[in-house]
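The structure under discussion appears below in the form of structure tokens.
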Amino acid sequence: MIKLKNKLVVKLLAFLMLIGLFSYIVYAERPSKQTSTTQEQQSNVLGGLSYLDKVVKIYVPSTYNIDQPIDNSKYVDQSLEKFSTMFGGATSDDGTGAWIGDNKKLVKEKVTIVYSFTEKLDKNKINEVVAYAKELKKEMKQSSISIEVNGRMYFIE
């Protein structure tokens, strides 16, 4: 009788696992109706419009010589002009960067992110952005300047 119950339990568990696996495959493979509808709405509304799908950013610090607070507007304007010349336009956003310092405490610094969207971002343009970041790093006496290209951050040291 116990062996019969054990076999029945094993068969029941196997059956439930198969149902679970089947359900996962069926529902995981199909995009939700809402997602499809949203994508259709976007393609209908935005279809035929031109777009820029590449982005490059430079993080302009608000300190000079690593830790001396300054008004960074001169460097932000310089970066806006550089990116506008290179890519046809630029935008800046103020933010706050943070990290844990050597003393194990939070260090915060104001930063301005200058960025441009572009249709074409080739090796020459990226090299030009890196060269500019190196100039900015030297001019502002920083240990590094951050740039971001299509969602990846790089530290120019």
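Read-outs: derived from the displayed coordinates by stated rules, not from any lab. On a predicted model such as this, the values are computed, not experimentally measured, just so you know. We place every Cβ from the backbone using ideal geometry, glycine too, and count neighbours over all the protein chains shown.
Brief remarks follow.
- Footprinting exposure proxy for LYS141, LYS82, LYS123 (fewest neighbouring C-beta atoms within 10 Å first): LYS123, LYS141, LYS82
- Fewest-first ranking of ILE113, ILE145, using other Cβ atoms within 10 Å as the exposure measure: ILE113, ILE145
- Sorted by Cβ neighbour density within 10 Å, fewest at the top, the residues VAL149, VAL107, VAL60, VAL76: VAL107, VAL149, VAL76, VAL60
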